[in-house]
Amino acid sequence: MRLPSWSDSKSFVRCLSKKRLHNYYLLRRSYQKARSGAVPEISGFPLAISVEPTTACNLRCPECPSGLRSFSRPTGNADLKMYQELLDQIGDRLLYLTLYFQGEPLIHPQFCDLVRLAADKKIYTISSTNGHFLSERICVDICKSGLSRLIISLDGATQESYEQYRIGGLLSKVIDGTRLLAETKKRLGRGPHIVVQTIAFRQNESELEEISKLAKDMGADEWIIKTAQVYGGPESTERLPHSDQLRRYHVDGDKRQIISDLENACWRMWHSAVITWDGKVVPCCFDKDATHVLGDIAEEPFVKIWHGNRYRSMRAQIFNDRKSIDICANCSEGCKVWIEPSRVI
């Protein structure tokens, strides 16, 4: 949870409460006990959750299951009632809610209602978009919804470089939409912290300074660089930047290996959870196809799932033999790579 600007930090601090701070203490204490060799039992409830509004997407990004249409799980939109029940259970202890997992969140017809329900409970809310749905009406609704932070993907300074990854996308539409959101925020005197995010690829690594200037010109509050996560064969490796500093992998020809100290521990399994649009609870954002389902909030309360046998078993496996868990193999946690510092614009 990086909060680099003063205004964004104030937005986060306003979400703090005694109950949320106590919940953090319980989580941290039980995690440290587990790390010291005790039975990995958990106290408290997650500080953060990610809820997937939809798996649908308008683009065809080649390293994304939504873009590739490669999911084995169904496509759909999150149910507002089920989401409200989840917030009623854990909202008073939840500090941070991400309305994004796979798909394009703004495709959900009630996206701003999802935000508003969380904001009403004083939860810090964040989402991520490819920037193609930022119409005048949507920009007004987003600014009024209480969304704390919006990440807008911008992976090139020219249409030629941008569309090599954002297949089917229009750079001009992202630029115009981001400008409109920034102008709407200024006009209304409220709105999300606007973050322009660039995933570093081979085709855009020479454009990073130009993208930084473009982000400032669009009215963004912040610009950040993210290292690429890839899944495929040699064609995926070829997308990675030449610079070692911009990669999370060791690269040898068309072979790659993640730069990570994969210890038998994982703070994410203590402080956060991911919930798919149809209510499946999965360990983290690396389980994109929901292959490790730990429960279903459509069938039982989240509070029961969080302390249930399947979660308990997976936490124990992580502390005993994390390398045997397939989704951990591509995990960036523990990566010792250079990341461009956030630039507050």
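The values are calculated or read from the model by the stated rules, or taken from the named source; none is laboratory data. Owing to the predicted nature of the structure, the values given are computational and were not obtained by experimental measurement. Please note: Cβ atoms are built from the backbone with ideal geometry, for glycine as well, and neighbour counts cover all protein chains shown. What goes into the accessible areas is simple: the full protein's heavy atoms, side chains included, and nothing from ligands, DNA or RNA. Shrake-Rupley method; radii C 1.70, N 1.55, O 1.52, S 1.80 Å.
If I compute Rg and Dmax of the Cα atoms in Å from the structure I just sent, which labelled value in (1) 23.0, 95; (2) 20.3, 66; (3) 19.7, 55 lines up?
Among (1) 23.0, 95; (2) 20.3, 66; (3) 19.7, 55, the one derived from this structure is (3).
Within the range 197-269, list the chymotrypsin sites (Phe, Trp or Tyr not before Pro) lying in a DSSP loop whose Cβ has at most 15 other Cβ atoms in a 10 Å radius.
Values: sites: 201, 223, 231, 249, 267; in loops: 201, 231, 267.
Counting only loop positions with at most 15 other Cβ atoms within 10 Å, the chymotrypsin sites (Phe, Trp or Tyr not before Pro) in the range 197-269 are 231, 267.
May I ask for the net charge around residue 235, where only other residues with Cβ less than 15 Å from the Cβ of residue 235 are counted and Lys, Arg are +1 while Asp, Glu are -1?
Details: positive: 60, 202, 239, 255, 256; negative: 63, 238, 254.
Its environment carries a net charge of +2.
With a cut-off of 15 Å, note down the residues of the range 28-68 whose backbone N falls inside the zone around a label point 7 Å from the Cα of residue 17 toward its beta carbon.
Flagged as within label range: 45-48.
Which Cα, out of 40, 314, 78, lies furthest along the positive dipole direction of the chain (beta carbon charges, K/R +1, D/E -1)?
40
Which entries of 81/173; 185/226; 10/173; 185/288; 173/213 have Cα-Cα distances beyond 22 Å here? Please report the intermediate quantities before stating the final value.
Details: 81/173 33 Å; 185/226 25 Å; 10/173 31 Å; 185/288 33 Å; 173/213 17 Å.
Going by Cα-Cα distance, 81/173; 185/226; 10/173; 185/288 fall outside the 22 Å limit.
Measure out, as a whole number of angstrom, how far apart the alpha-carbon centroids of the range 295-325 and the range 6-67 sit.
15 Å
How big is the antiparallel share of DSSP beta bridges in the range 185-290, given as a percent to the nearest 5?
Working: 6 of 12 bridges.
Here the antiparallel bridges make up roughly 50 percent for the range 185-290.
Kindly report the accessible area of the range 105-175 per residue (heavy atoms of protein chains, probe 1.4 Å, no ligands, DNA or RNA), in Å². Could you put the intermediate results ahead of the total?
Numbers: 2590 Å² over 71 residues.
Accessible area per residue: 36 Å².
Sum -39500 (n - 2.57) across every DSSP H segment of at least 4 residues in the chain, then divide by the residue count to get the 222 nm mean residue ellipticity, nearest 500. Let's see the in-between values first.
Details: 13 runs with 122 residues, N = 345.
Value at 222 nm, helices only, nearest 500: -10000 deg cm²/dmol.
Counting only other residues whose beta carbon sits under 11 Å from that of residue 315, what net charge do I get with K and R as +1, D and E as -1?
Working: positive: 268, 310, 312, 322; negative: 41.
That sum, taken over residues with Cβ under 11 Å, equals +3.
Measuring from label point to label point, each 7 Å out along Cα→Cβ, what is the residue 317 to residue 58 span in nm?
Reported label-point gap for residue 317 and residue 58 is 3.8 nm.
Quick one: which residues, 5 or more positions from residue 50 or on another chain, have an amide H under 5 Å from its amide H? H modelled 1.01 Å from N in the peptide plane, none for Pro or chain starts.
98, 273, 274, 275
Would you mind counting up the charge near residue 279? Only other residues with Cβ under 14 Å from its Cβ, with Lys and Arg at +1 and Asp and Glu at -1.
Details: positive: 73, 81, 280, 304; negative: 52, 79, 85, 278, 296, 299, 300.
That sum, taken over residues with Cβ under 14 Å, equals -3.
When the Kirkwood hydrodynamic radius is evaluated over all pairs of different C-alpha atoms of the range 26-113, what value in angstrom, to one decimal, is obtained? Present the calculation step by step, with values, prior to reporting the outcome.
Numbers: mean 1/r = 0.0654 Å⁻¹.
About 15.3 Å for the range 26-113.
Calculate how many DSSP beta bridges within the chain are antiparallel, expressed in % of all such bridges and rounded to the nearest 5.
Values: 11 of 36 bridges.
Percentage antiparallel, nearest 5: 30.
Between residue 245 and residue 72, what is the label-to-label distance in nm when each label sits 7 Å out along the Cα-to-Cβ direction?
About 4.1 nm separates the two model spin labels.
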